[in-house]
Amino acid sequence: MTGEVALSAEHVTMRYRGLLALDDVSVAFERGTTTGLIGPNGAGKTTFVNVLSGLVQPTSGRIRFDGQDKRRWSLSSAARDGVGRTFQASKVFRNRMVIDNIDVAPVRLRALEYDPLEIVDLADRRHDLAGSLSYGELRRLGVAIAISTAPRVLLLDEPGAGLTGGDLDRLSAVIRRVGATGCTIVLVDHNMRFLMGSVERVVVLEGGRLVADGTPEQVQNDPQVRAAYLGGAA
């Protein structure tokens with residue numbers, strides 16, 4: 001941890017037709033760290049990721065990237081600045097080779113210092129059709145596509161959805177390797193074992209509000225979190 005803030009939300013509030021999705025949320029993500037974002041369904045997790053990535057504009061509050069006010073951010077301008085993200089639904093061209101999915105990256109502002117397919121353990125499948133990959137491999141390809149833009153911040157929205165066992169273990173290792181490149185990562189996922197084993201910090205949302213922030217151990221032992229989300233299970 002460097003202490004330098006890569007991305008931050010300051011007093012972010014988001015309303016959808018009267019529904020309060022985010023309520024005065026302030027969080028700072030330090031450069032080179034990996035943070036998990038959890039909360040029950042409807043807590044505001046995906047909305048928060050959408051705000052951080054520029055996909056939607058907050059009703060009030062601001063996003064800062066490298067200390068600069070990004071109040072007018074869009075998804076494309078965030079990508080140009082160095083923010084990558086995945087989506088819950090895989091965005092893969094199944095009728096193209098694996099390597100072609102990497103080469104269509106719309107933005108790459110700096111030279112890649114790594115092979116995205118090596119990072120996600122798909123280097124030996126680079127010339128295979130993406131449609132021939134297993135579901136777990138497709139999820140990892142989604143991460144490879146996101147990091148092929150050489151992002152400084154990576155937002156992962158439920159990359160482990162539908163995965164079990166060894167596929168989750170491999171994805172967790174992939175996330176650690178991406179973090180080792182110096183990329184700042186924000187990870188959203190419903191699988192607690194997977195998430196807690198992949199991050200160094202956990203932020204908890206409930207009802208659109210920030211209710212806890214700490215290490216995985218601290219959050220798992222927080223009575224409010226256990227009651228509201230973890231169901232008493234560590």
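The values are calculated or read from the model by the stated rules, or taken from the named source; none is laboratory data. Computed from a prediction, not measured in an experiment: that's the story for all the values here. Glycine gets a Cβ as well: all are built from the backbone with ideal geometry, and neighbour counts include every protein chain shown.
Quick check on region 220-234: of everything there that is among the aliphatic types (A, V, I, L, M) and either surrounded by 16 or more Cβ atoms within 10 Å (Cβ to Cβ) or under 11 Å from V202 (Cβ atoms) (or both), which residue is modelled with the lowest pLDDT?
Initially, region 220-234 is screened for residues among the aliphatic types (A, V, I, L, M), giving 225, 227-228, 230, 233-234.
With the extra rule that they be either surrounded by 16 or more Cβ atoms within 10 Å (Cβ to Cβ) or under 11 Å from V202 (Cβ atoms) (or both), the set shrinks to 225, 228, 230.
On the way: V225: 83, A228: 70, L230: 53.
This residue is L230.
Residue-level check: of (1) under 20 Å from R170 (Cα atoms); (2) at pLDDT 95 or above; (3) outside any helix (DSSP H, G or I), H127 misses just (1). Set side by side, the residues L141, L168, L154 differ, and just one is over 28 Å from R80 (Cα atoms), under 16 Å from the mean Cα position of the chain (by Cα) and not in a loop (DSSP other than H, G, I, E, B), which is L168. Residues in region 65-80 that are on the phi < 0 side of the Ramachandran plot and surrounded by fewer than 17 Cβ atoms within 10 Å (Cβ to Cβ): Q68, D69, R71, R72, S74, L75, S76, S77, R80. Between G3, G32, the distinction of being surrounded by fewer than 22 Cβ atoms within 10 Å (Cβ to Cβ), in contact with a Gly (Cβ under 8 Å, 6 or more places away or on another chain) and assigned to a loop (DSSP other than H, G, I, E, B) belongs to G32 only. When L154, L133 are checked against the criterion of being touching a residue at least 60 places away in the same chain (Cβ under 8 Å) and not β-branched (V, I, T), a single residue qualifies: L154.
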